[in-house]
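K.L.:
Okay, here's the structure, questions in a sec.
The values are calculated or read from the model by the stated rules, or taken from the named source; none is laboratory data. Being a predicted model, the structure only gives us computed values, none of them experimental. All Cβ positions, even for glycine, are placed from backbone atoms using ideal geometry, and neighbour counts span all protein chains on display.
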Amino acid sequence: MEPTTLAYIAGFLDGDGSIFFQIIREKEKFRIRSSIAFYQKSNNSEILDWLKCQFGVGYIRHRKTGISDYTVVDSKEVFKILKLLQPYVRLKKKHVELGLEILQKMQNKDNFGEIYRLVDKFKDINYSKKRTITYETVSKFLPL
């Protein structure tokens, strides 16, 4: 991809996108979900089609609210996208760096207690108010 294209996409992410990591509970297990999303009014959603075409992964949703989003959740793909955009992002620089650190540690099967703690940091940088599953929650169920 051309550097100007990557810079444009990074600017889009800085303005109308988000990067988030969540601890998800599935029965007796916990896992980490990584996501990168771009948002746009549905009547301008062709830009989301273009983004999906650029990366070749993810999905687009059109909501009843008039907002559409292009989202990628596969951790390997999120890692690739974050690596591509890292030199160009400005506002979400901390998000990208923290996300890459988490994904790298997950690939290396590093200490999952530490990884869950890093995921908790997204609560603060994303101003999350509804996050209910945290490192503390997981530590009550699993030896970390």
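K.L.:
Out of everything in segment 4-27 that is of a type outside the set (F, W, Y) and without any contact (Cβ under 8 Å) to a residue 12 or more places away in the chain, what residue ends up being surrounded by the fewest Cβ atoms within 10 Å (Cβ to Cβ)?
P.N.:
If we filter segment 4-27 for residues that are of a type outside the set (F, W, Y), which is where we start, we get 4-7, 9-11, 13-19, 22-27.
Next, from what is left, pick out any that are without any contact (Cβ under 8 Å) to a residue 12 or more places away in the chain: 4, 26-27.
Working: T4: 9, E26: 7, K27: 5.
Going through the qualifying residues, I end up with K27.
K.L.:
Can you name every one of the strands (runs of 3 or more DSSP E) wholly within segment 1-65 that holds 3 or more residues which are among the aromatic types (F, W, Y)? It would help to see each step written out before you state the result.
P.N.:
On the way: elements: 17-26, 29-41, 59-62.
Strands (runs of 3 or more DSSP E) meeting the threshold: 29-41.
K.L.:
Of all residues in segment 49-77 being farther than 18 Å from Y8 by Cα and among the charged types (D, E, K, R), which is surrounded by the fewest Cβ atoms within 10 Å (Cβ to Cβ)?
P.N.:
Top of the filtered list is K64.
K.L.:
Based on this model, can you work out whether K80 counts as charged (D, E, K, R), within 15 Å of the chain's Cα centre (by Cα) and surrounded by 12 or more Cβ atoms within 10 Å (Cβ to Cβ)? Break it down into steps so the answer makes sense when it comes.
P.N.:
Details: charged (D, E, K, R): yes; within 15 Å of the chain's Cα centre (by Cα): yes; surrounded by 12 or more Cβ atoms within 10 Å (Cβ to Cβ): yes.
Yes; evaluated as a whole, the condition is true for this residue.
K.L.:
A follow-up question, please. Please work out which one of (1) modelled with pLDDT of 95 or more; (2) surrounded by fewer than 16 Cβ atoms within 10 Å (Cβ to Cβ) is the condition M1 fails and give its number.
P.N.:
The single condition M1 does not satisfy is (1).
K.L.:
Also: Can you confirm whether segment 77-84 contains a residue that is touching a residue at least 24 places away in the same chain (Cβ under 8 Å), among the charged types (D, E, K, R) and under 20 Å from I125 (Cα atoms)?
P.N.:
Checking segment 77-84: not a single residue is touching a residue at least 24 places away in the same chain (Cβ under 8 Å), among the charged types (D, E, K, R) and under 20 Å from I125 (Cα atoms).
K.L.:
Just need a number here: residues in segment 83-105 that are in contact with a strand residue (DSSP E or B) (Cβ under 7 Å, 6 or more places away or on another chain) and part of a helix (DSSP H, G or I). Please lay out each step first, then the result.
P.N.:
To start, the set of residues in segment 83-105 that are in contact with a strand residue (DSSP E or B) (Cβ under 7 Å, 6 or more places away or on another chain) comprises 92, 95-96, 99, 102-103.
Now restrict to residues that are part of a helix (DSSP H, G or I): 95-96, 99, 102-103.
Matching residues across segment 83-105 total 5.
K.L.:
Mind checking whether some residue in segment 106-119 is aromatic (F, W, Y), surrounded by 14 or more Cβ atoms within 10 Å (Cβ to Cβ), at pLDDT 80 or above and not in a loop (DSSP other than H, G, I, E, B)?
P.N.:
First, the residues of segment 106-119 that are aromatic (F, W, Y): 112, 116.
Next cut, surrounded by 14 or more Cβ atoms within 10 Å (Cβ to Cβ) only: 112, 116.
Subsequent filtering for residues that are at pLDDT 80 or above retains 116.
The next check asks that each one be not in a loop (DSSP other than H, G, I, E, B); those that pass are 116.
Scanning segment 106-119 turns up at least one residue that is aromatic (F, W, Y), surrounded by 14 or more Cβ atoms within 10 Å (Cβ to Cβ), at pLDDT 80 or above and not in a loop (DSSP other than H, G, I, E, B).
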